[in-house]
Amino acid sequence: MNHTSSSTGHGARSDAEGLREVLARSDFVAVLTGAGISAESGVPTFRGPGGLWRNWRPEDLATPEAFAHDPRLVWEWYDWRRSLIRKAEPNLGHRALAKLESRKAGQSPLRAPANQTPAPQCSERPEHPAVGQGCFTLITQNVDGLHERAGSQGLVKLHGDIWRLCCVGCGLTERNEQVPLDPLPPRCRCGTLMRPGVVWFGEPLPEDEWRRAVEASRRAQIFLLVGTSAVVYPAAGLAELALAGARLAIVNPEPTPFDHLADWVLGGPAGEILPQVCQ
Ligand code: APR
């Protein structure tokens with residue numbers, strides 16, 4: 001993943017009601033979330049006021065080179081973040097998206113009454129075959145696990161999972177929820193160092209997750225960008241892909257580089273706005 005920057009602009013709608021109606025009647029919905037959705041749970045964001053990258057440099061903590069140089073320092077930082085996340089609970093924003101997902105699953109065309117013409121299913125759009133998670137896809141850049149804890153099922157995790165450890169030697173991956181980690185840095189049973197199971201700057205995204213994210217973004221009718229500064233690629237590029245055929249809606253108290261391309265810009269906290277638009 002990489003940083004980039006671009007300009008901001010205006011001219012979008014800001015009515016939650018209009019967005020709610022479009023979300024309710026769209027068959028293909030994709031959502032990309034970032035650190036901002038967990039801010040109200042007490043998990044710090046990376047950029048903006050109080051952001052982690054205000055106090056630390058990503059190149060010291062979130063690159064393969066940093067880990068090779070000082071694994072203990074990197075692990076101390078991740079161990080601290082794990083302790084913050086451990087205390088956090090999913091908020092109303094996470095829960096609203098989980099509810100929308102289950103409502104969309106319940107709206108499956110297979111369940112339509114006999115006198116109604118079923119809407120096309122994902123698998124009936126030949127250019128974009130079914131990805132196995134219905135027509136609602138939640139894509140996240142977050143590694144905190146709060147979407148899963150709120151009940152989201154078919155989550156696409158672009159940047160990995162802070163609760164997974166990977167052996168840099170034999171490649172073993174395991175779930176580990178110990179806080180604080182002991183020993184630090186942790187070692188695999190093969191004797192080699194384990195690393196956090198997250199994607200660092202300069203690394204590729206997990207192939208299967210990226211494919212699912214691209215498919216969902218391409219076929220989306222409405223694409224929701226929530227709590228992300230949208231400056232880290234390739235994740236932010238999903239909004240560009242979606243714009244070829246989808247309407248774009250943004251939920252963020254601060255401007256983003258995509259505001260001038262959006263149909264809706266709802267400037268406020270996700271925990272307040274998502275419950276209104278995901279009803
Ligand atoms: N509701 C919605 N958005 C919020 C809230 C809130 N309550 N509070 C803050 N925000 C917004 C901020 O305005 C900001 O635009 O969340 C965004 C957080 O942006 P970043 O900190 O840049 O987080 P993110 O976009 O997820 O970063 C992408 O960068 O370093 C990496 O790997 C890390 O996955 C991360 C990636």
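The values are calculated or read from the model by the stated rules, or taken from the named source; none is laboratory data. It should be emphasised that the depicted structure is a prediction, and the values quoted were computed from it without experimental measurement. Positions of Cβ are generated from backbone atoms using ideal geometry, with glycine treated the same way; all protein chains shown enter the neighbour counts. Calculation scope for accessible area: heavy atoms of the full protein, side chains included, ligands and nucleic acids excluded. Shrake-Rupley method; radii C 1.70, N 1.55, O 1.52, S 1.80 Å.
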- Message: Quick check on my filter: what residues within segment 232-246 are buried (at least 18 other Cβ atoms within 10 Å of the Cβ) and either of a type outside the set (A, V, I, L, M, F, W, C) or within 19 Å of residue 36 (Cβ to Cβ) (or both)?
- Response: 232, 235, 236, 238, 239, 242
- Selection from segment 41-90 of residues that are more than 14 Å from the ligand (Cβ to nearest atom), touching a residue at least 60 places away in the same chain (Cβ under 8 Å), closer than 24 Å to residue 270 by Cα and open to solvent by less than 80 Å² (accessible area, probe 1.4 Å): 82, 83
- Quick one: is residue 189 closer than 30 Å to residue 14 by Cβ and in contact with a Cys (Cβ under 9 Å, 6 or more places away or on another chain)? no
- Note on the structure: Note: among 195, 189, 218, just one is in contact (Cβ under 8 Å) with a residue 60 or more places away in the chain, over 16 Å from the mean Cα position of the chain (by Cα) and open to solvent by 50 Å² or more (accessible area, probe 1.4 Å), namely 218
- Is it the case that segment 178-193 has a residue that's part of a strand (DSSP E or B) and in contact with a helix residue (DSSP H, G or I) (Cβ under 8 Å, 6 or more places away or on another chain)? yes
- So which strands (runs of 3 or more DSSP E) stay within segment 197-279 end to end and still have 3 or more residues that are among the aromatic types (Phe, Trp, Tyr), within 11 Å of the ligand (Cβ to nearest atom) and farther than 20 Å from residue 49 by Cβ? none
